[in-house]
Amino acid sequence: MSALITLNGVNKYYGDYHALRDIDLTIDEGEFFSLLGPSGCGKTTLLRTIAGFEAVSGGTVAIGGKDMAGVPANLRPTNMVFQSYAIFPHLSVGENVAFGLRKRPDIDRKTAVPDALKMVGLAGYEGRAAHALSGGQRQRVALARALILKPKVLLLDEPLSALDKKMREQMQVELMRLQRHVGITFILVTHDQEEALVMSDRIAVMFEGRIGQLADAETLYRRPRNREVADFIGKMNFLDAQVLSSGPVIDLDVQGLGRLQIDAEQSPENIGAHPAVVGIRPETLGILFEGESTDRRVIDGVVDEVVYYGDMTYYDIRIPGVAAPLNIAMKNIIGQPVLDVGEAAKVIWDERSLVLLK
Ligand code: ATP
């Protein structure tokens, strides 16, 4: 894939407030790219600088090899879909979609409108009243209106946040399919990590105006670069650790688990011999029930809390010598008991699922 958008040393100030800090970023042609991070971290600001709604205070934004300095939003090869659908309720679906063509008399709306509606799964909806559509259908109309101009880049600012959970999950899959089908670059802003993990080729996780880590979903989840990223993506147990020696194999002394060795790959940043923290995902831990055996490591604890979800049970288990209880996510299997608060529990763990963090 070749680079479509390149940001070099982008900074943005609102008065004294430093909203974007030295952002270097390359987004490829045909990529589904997400900007993920907590509220106020600068995701929307970054999207708006790409769109041209916001001038940068320093650095450059280039699209298709062209510097965008001074190029207004309407002359950039980008189009934006907003959180509030911005659908005109008094117009028909077809009129709403055709609105995207108002400045382009060169495009034949008789074919372009049905084509765009077909793309988003609303073939034949031209004559429907927009106000009678469901939230998901409105969002599709907004997408059709943005896609009708065939932009090189579609910018999506929290496009699914107004939908209920079920519709949001359905639209996640549809957006992903749509992006593959049309093949253009999508840049999505979201604070919902699941949404970003499900849909994106790559994700930039942002904190306070900077990029904490840029990687694909699996790398972000399995090899977060630091505690900040690990804490934001999914759930993670943290245990204090001492790095005793490092090299291809790292020797550690981990609170509650004792002396152990991990592979250098499990330490995303080069951590010297000093205090660090070990991260363990709840679903990589297990419980050894009576009559079962394991060749993995086992540590004794006591159940502190149980949350039963039907398909899963979440346990907090107190381990001697460990400050916070360990959170364990167990898939419920027929025949396996659900433990009660106060019961003894043997926790199964594995060195291979640990990650060493700064
Ligand atoms: P959210 O998910 O809440 O929308 P975000 O990550 O998209 O957050 P931005 O909207 O980019 O965050 O805002 C980043 C910071 O810049 C915030 O602290 C915000 O208050 C500030 N900010 C954004 N726009 C302006 C503006 N026009 N003037 C002054 N400050 C602004």
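The values are calculated or read from the model by the stated rules, or taken from the named source; none is laboratory data. Because the structure is a prediction, the values reported are computed rather than measured. Cβ coordinates were reconstructed from backbone atoms using ideal geometry, including for glycine residues, and neighbour counts include every protein chain displayed.
Tallying residues that are part of a helix (DSSP H, G or I) and touching a residue at least 24 places away in the same chain (Cβ under 8 Å) within segment 217-264 yields 6. None of Val71, Val97, Val93 is of a type in the set (A, V, I, L, M) and free of Cβ contacts under 8 Å to residues at least 24 places away in the same chain except Val71.
Checked against (1) of a type in the set (Val, Ile, Thr); (2) at pLDDT 95 or above; (3) closer than 29 Å to Leu133 by Cα, Ile87 meets all criteria but (2). Of all residues in segment 272-281, at least one satisfies being at pLDDT 90 or above, within 31 Å of the chain's Cα centre (by Cα) and within 25 Å of Gln336 (Cβ to Cβ). Residues in segment 33-89 that are of a type in the set (Ser, Thr, Tyr), within 16 Å of the ligand (Cβ to nearest atom) and outside any strand (DSSP E or B): Ser39, Thr44, Thr45, Thr49, Ser57, Ser84.
Looking at this structure, is Pro320 assigned to a loop (DSSP other than H, G, I, E, B) and more than 22 Å from Ile233 (Cβ to Cβ)?
yes
For segment 320-329, give me the residue count where each residue is of a type in the set (A, V, I, L, M) and at pLDDT below 95. Write out each step before concluding.
Filtering segment 320-329 for residues of a type in the set (A, V, I, L, M) gives 322-324, 326, 328-329.
Narrowing the set further to residues that are at pLDDT below 95 leaves 322-324.
The qualifying residues number 3.
In segment 332-358, the residue that is modelled with the lowest pLDDT out of those that are among the small types (Gly, Ala, Ser) and closer than 29 Å to Ala276 by Cα is Ser353. When the residues of segment 11-30 are filtered to those that are buried (at least 21 other Cβ atoms within 10 Å of the Cβ) and under 24 Å from Gln193 (Cα atoms), the one that is farthest from the ligand (Cβ to nearest atom) is Ile27. Search segment 39-67 for residues that are under 16 Å from Thr190 (Cα atoms) and of a type in the set (D, E, K, R) and pair each with any residue that is in a loop (DSSP other than H, G, I, E, B) and within 13 Å of the ligand (Cβ to nearest atom) when their beta-carbon atoms are under 9 Å apart and the residues are at least 6 apart or on different chains. If the second residue must be in a loop (DSSP other than H, G, I, E, B) and within 13 Å of the ligand (Cβ to nearest atom), the pairs left are Lys43/Gly37; Lys43/Glu158; Lys43/His191; Arg48/Glu54.
Every condition in (1) surrounded by fewer than 18 Cβ atoms within 10 Å (Cβ to Cβ); (2) part of a strand (DSSP E or B) is met by Leu7 except one, and the failing one is (1). Tell me, please, whether a residue that is touching a residue at least 24 places away in the same chain (Cβ under 8 Å), β-branched (Val, Ile, Thr) and crowded, with 21+ Cβ neighbours inside 10 Å can be found in segment 103-111. No, there is no match, as no residue in segment 103-111 is touching a residue at least 24 places away in the same chain (Cβ under 8 Å), β-branched (Val, Ile, Thr) and crowded, with 21+ Cβ neighbours inside 10 Å. Filtering segment 78-95 to residues that are surrounded by 18 or more Cβ atoms within 10 Å (Cβ to Cβ) and under 25 Å from Thr44 (Cα atoms) leaves Thr78, Asn79, Met80, Val81, Tyr85, Ile87.
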